[in-house]
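Chemist: Please read through the structure below; I'll follow up with questions.
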Amino acid sequence: MSLYKELTPENWLTEDHVLESLRQIGGDFDQQRWATRVLRLALSPTVPQQIRDLFGVARGALLYGAFFYPMFTLGLEQLFRVAEASVDARCKALGAPSRCKTYEKKLEWLREQGVLVPADAQHWAILRQLRNSASHPEMQLILTPGSVIDWFERVVARVNALYP
């Protein structure tokens, strides 16, 4: 069995068969509950609109994973880019010096400014590493909906915290 369904004009709007396989081994995936949980995820109005727009695409991909299983992972990979864009926008808003060109340097500068506490700085460093892995893949990664939604919830909280 494939990791995901082969898309056709007849099946592209039907649930991916992988979800039924997960249910058979004890998983509990319900499309309506999933949609409710995903659509509850939101960035604060204090987050710049361009970041919220990027987030909307990531969240939409996550939502549509029920129809094409790899979209769960694709949504998460986009979310890692949203996280980076939010750091970049925050640095610009706070007037970061021109030496802060890389994601890593921007995180370091935000930590130095007290915007990120040490525990958050460590989490952001992990997000940076995950963004690097997602942007330069060696193979197709396929993650479960549960692991992806957990990351979404954590990242939403971190991005919102950047924009009090």
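Every read-out reported here was derived from the displayed coordinates using simple, explicitly stated rules and does not represent laboratory data. Remember, it's a predicted structure, so these values are computed and weren't measured experimentally. Heads up, the Cβs are rebuilt from the backbone with ideal geometry, glycines too, and the neighbour counts pull from every protein chain shown.
Chemist: Tell me, what is the percent relative contact order of segment 17-162, built from C-alpha pairs under 8 Å that lie six or more residues apart?
Modeler: In percent, rounded to a whole number, it is 28.
Chemist: Let me ask something additional. Would you list, by chain and number, the lysines whose Cα falls below 21 Å from the Cα of residue 92, excluding same-chain residues fewer than 8 positions away?
Modeler: Qualifying lysines at Cα under 21 Å: 101, 105, 106.
Chemist: Using the Cα centre of the chain as the reference point, and only Cβ charges (+1 on K/R, -1 on D/E), how large is the resulting charge dipole? Debye, rounded to the nearest 20.
Modeler: The dipole magnitude comes to about 800 debye.
Chemist: Now, a different point. Over all directions, average the projected area of the Cα convex hull of the chain and note it in nm². Intermediate values should be presented prior to the final figure.
Modeler: Working: hull surface 43.7 nm².
If you wrap the Cα atoms of the chain in a convex hull and average its projections, you get 10.9 nm².
Chemist: Please work out how much length the chain gains when fully extended from residue 104 to residue 11, using 0.36 nm per residue of separation minus the C-alpha to C-alpha distance, in nm with one decimal.
Modeler: Values: separation 93, 0.36 × 93 = 33.48 nm, distance 4.26 nm.
The residue 104-residue 11 span can extend by a further 29.2 nm.
Chemist: Give me the net charge for the shell around residue 16: Cβ to Cβ below 13 angstrom, other residues only, Lys and Arg +1, Asp and Glu -1.
Modeler: On the way: positive: 5, 23; negative: 6, 15, 20.
Around residue 16, the charge tally is -1.
Chemist: Also, I was wondering about something else. Across segment 114-131, in residue order, what do the Karplus-derived ³J(HN,Hα) couplings come to in whole Hz, using 6.51 cos²θ - 1.76 cosθ + 1.60 with θ = phi - 60° and x for Gly and Pro?
Modeler: Result, ordered by residue: x, 6, 10, 7, x, 5, 5, 4, 5, 4, 5, 5, 5, 4, 5, 5, 5, 4 Hz.
Chemist: Running a GNM on the chain with Cα contacts under 10 Å, which residue among 90, 99, 59 ends up with the highest mean-square fluctuation?
Modeler: Of 90, 99, 59, the Gaussian network model singles out 99 as fluctuating most.
Chemist: Between 62, 79, 107, where does the largest GNM mean-square fluctuation fall for the chain, given springs only between Cα atoms within less than 10 Å?
Modeler: Comparing 62, 79, 107 in the GNM, the peak value goes to 107.
Chemist: Lys and Arg at +1, Asp and Glu at -1: add these up for the other residues within a Cβ distance under 13 Å of residue 40 and post the number.
Modeler: Working: positive: 33, 37, 59; negative: 153.
With Lys, Arg at +1 and Asp, Glu at -1, the neighbours total +2.
Chemist: Where in segment 104-120 does the amide nitrogen come within less than 20 Å of the point 7 Å from the Cα of residue 135, taken along Cα to Cβ?
Modeler: Answer for this model: 104-111.
Chemist: Next question. Pick out which of 34, 12, 151 has the largest mean-square fluctuation in a Gaussian network model of the chain, springs linking Cα atoms closer than 10 Å.
Modeler: Sorting by GNM fluctuation, first place goes to 12.
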